[in-house]
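Student: Quick one: the structure is below, and I'll ask about it shortly.
The values are calculated or read from the model by the stated rules, or taken from the named source; none is laboratory data. Treat the numbers as computed from the prediction; the structure is a model and nothing was measured. Every residue, glycine among them, receives a Cβ derived from its backbone with ideal geometry; neighbour counts consider all protein chains shown.
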Amino acid sequence: MGDLERIKDKLQASGFKLTPQRRSVVSVILNSSGKILSAEEIFVQVRQVSPEIGLATVYRTLDILSNLSVLEKLFLTDDGVARYNINYQQNGLFIEFICLSCGKRIELAKELLSDLDAVIKKDSAFAVKSVRTHIEGLCEACQKQGKNVIDY
Ligand SMILES: [Zn+2]
């Protein structure tokens, strides 16, 4: 099943339709080639295919999709601006590295989290469903180019 189909099913299961405007928002995020976009950046791109869409609609759509865990809302830098990422995995162990300069995401070995998972399960009464985390920094390519996180 394609990402768009999966997202459509998820919306429908919660009583939402994948309207053309919502579809445009999702498509921009799916096609962002690894770059994690803010609402305003998404808005600028969505306007190219759906000129009638307003920023408020983009924000509302992002809220709905975040609440349904279709998207994850991230605060990557100290600018306080939320950025949105497709939430590919909601169960189990998930750890990724996010480059604060180019926005590249790299999934890391789940084994990095298995000790943490085991300790939480052993030492707490929580019923752990998932362990998700991300590590922020500069990827190898950006370090070589002397980039800074401010460039993001
Ligand atoms: Zn990078």
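Student: Yes or no: the stretch 124-138 includes at least one residue that is touching a Leu at 6+ places or on another chain (Cβ under 7 Å), loosely packed, with under 13 Cβ neighbours inside 10 Å and more than 22 Å from Ser66 (Cβ to Cβ).
Tutor: yes
Student: What number of residues within the stretch 22-38 are at pLDDT below 90 and either part of a helix (DSSP H, G or I) or in contact with a helix residue (DSSP H, G or I) (Cβ under 6 Å, 6 or more places away or on another chain) (or both)? Steps first, please.
Tutor: Initially, the stretch 22-38 is screened for residues at pLDDT below 90, giving 30-36.
Filter once more, so that each one left must be either part of a helix (DSSP H, G or I) or in contact with a helix residue (DSSP H, G or I) (Cβ under 6 Å, 6 or more places away or on another chain) (or both): 30.
Number of matching residues: 1.
Student: Can you name the condition, by its number, that Ala125 falls short on among (1) within 13 Å of the ligand (Cβ to nearest atom); (2) over 29 Å from Ser27 (Cβ atoms); (3) not charged (D, E, K, R)?
Tutor: (1)
Student: Being modelled with pLDDT of 80 or more, more than 13 Å from the ligand (Cβ to nearest atom) and of a type in the set (Phe, Trp, Tyr) narrows it down to one of Tyr84, Tyr88, so name that one.
Tutor: On the way: Tyr88 fails: modelled with pLDDT of 80 or more.
Being modelled with pLDDT of 80 or more, more than 13 Å from the ligand (Cβ to nearest atom) and of a type in the set (Phe, Trp, Tyr) holds for just one of Tyr84, Tyr88, which is Tyr84.
Student: One residue is enough: does the stretch 84-102 have a residue meeting the conditions loosely packed, with under 11 Cβ neighbours inside 10 Å and more than 12 Å from the chain's Cα centre (by Cα)?
Tutor: Start the filter on the stretch 84-102 by keeping residues that are loosely packed, with under 11 Cβ neighbours inside 10 Å, which leaves 91.
This time we only want the ones that are more than 12 Å from the chain's Cα centre (by Cα), so: 91.
Among the residues of the stretch 84-102, at least one is loosely packed, with under 11 Cβ neighbours inside 10 Å and more than 12 Å from the chain's Cα centre (by Cα), which makes the answer yes.
Student: If I filter the stretch 103-128 down to residues being at negative phi and touching a residue at least 40 places away in the same chain (Cβ under 8 Å), which single residue comes out as nearest to the chain's Cα centre (by Cα)? Quick ask: steps written out before the conclusion?
Tutor: From the stretch 103-128, those at negative phi are 104-128; that's our starting set.
Narrowing further to those that are touching a residue at least 40 places away in the same chain (Cβ under 8 Å): 104-105.
On the way: Lys104: 12, Arg105: 10 Å.
Looking at residues that are at negative phi and touching a residue at least 40 places away in the same chain (Cβ under 8 Å), I get Arg105.
Student: The conditions are (1) within 16 Å of the ligand (Cβ to nearest atom); (2) modelled with pLDDT of 80 or more; (3) closer than 21 Å to Ser66 by Cβ, and Tyr152 fails exactly one of them. Which is it?
Tutor: That leaves (2) as the condition not met.
Student: Moving to a separate point now. Considering every residue within the stretch 81-101, establish whether at least one is out of contact with any Ser or Thr (no Cβ under 7 Å at 6 or more places or on another chain), under 20 Å from Val28 (Cβ atoms), touching a residue at least 12 places away in the same chain (Cβ under 8 Å) and part of a loop (DSSP other than H, G, I, E, B).
Tutor: Looking for residues that are out of contact with any Ser or Thr (no Cβ under 7 Å at 6 or more places or on another chain), under 20 Å from Val28 (Cβ atoms), touching a residue at least 12 places away in the same chain (Cβ under 8 Å) and part of a loop (DSSP other than H, G, I, E, B), one finds none in the stretch 81-101, hence no.
Student: So which residues in the stretch 106-122 are part of a strand (DSSP E or B) and either in contact with a Phe, Trp or Tyr (Cβ under 7 Å, 6 or more places away or on another chain) or away from the ligand (no atom under 16 Å from the Cβ) (or both)?
Tutor: So the first thing to find is which residues in the stretch 106-122 are part of a strand (DSSP E or B), and the list is 106-107.
Residue satisfying the conditions is Ile106 alone.
Residue-by-condition table, conditions (1) farther than 16 Å from Asp3 by Cβ; (2) touching a strand residue (DSSP E or B) at 6+ places or on another chain (Cβ under 7 Å); (3) not polar (S, T, N, Q):
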{"site": "Leu30", "(1), (2), (3)": "no, yes, yes"}
{"site": "Ser38", "(1), (2), (3)": "yes, yes, no"}
{"site": "Phe43", "(1), (2), (3)": "yes, no, yes"}
{"site": "Val46", "(1), (2), (3)": "yes, no, yes"}
{"site": "Ser50", "(1), (2), (3)": "yes, no, no"}
{"site": "Ile53", "(1), (2), (3)": "yes, no, yes"}
{"site": "Tyr59", "(1), (2), (3)": "yes, no, yes"}
{"site": "Asn67", "(1), (2), (3)": "yes, no, no"}
{"site": "Phe75", "(1), (2), (3)": "yes, no, yes"}
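Student: Among the residues of the stretch 32-69, write down those that are among the aliphatic types (A, V, I, L, M) and either surrounded by fewer than 17 Cβ atoms within 10 Å (Cβ to Cβ) or in contact with a Gly (Cβ under 9 Å, 6 or more places away or on another chain) (or both).
Tutor: Residues of the stretch 32-69 that are among the aliphatic types (A, V, I, L, M), as a first pass: 36-37, 39, 42, 44, 46, 49, 53, 55-56, 58, 62, 64-65, 68.
The answer is Ile36, Leu37, Val44, Val49, Leu55, Ala56, Ile64, Leu68.
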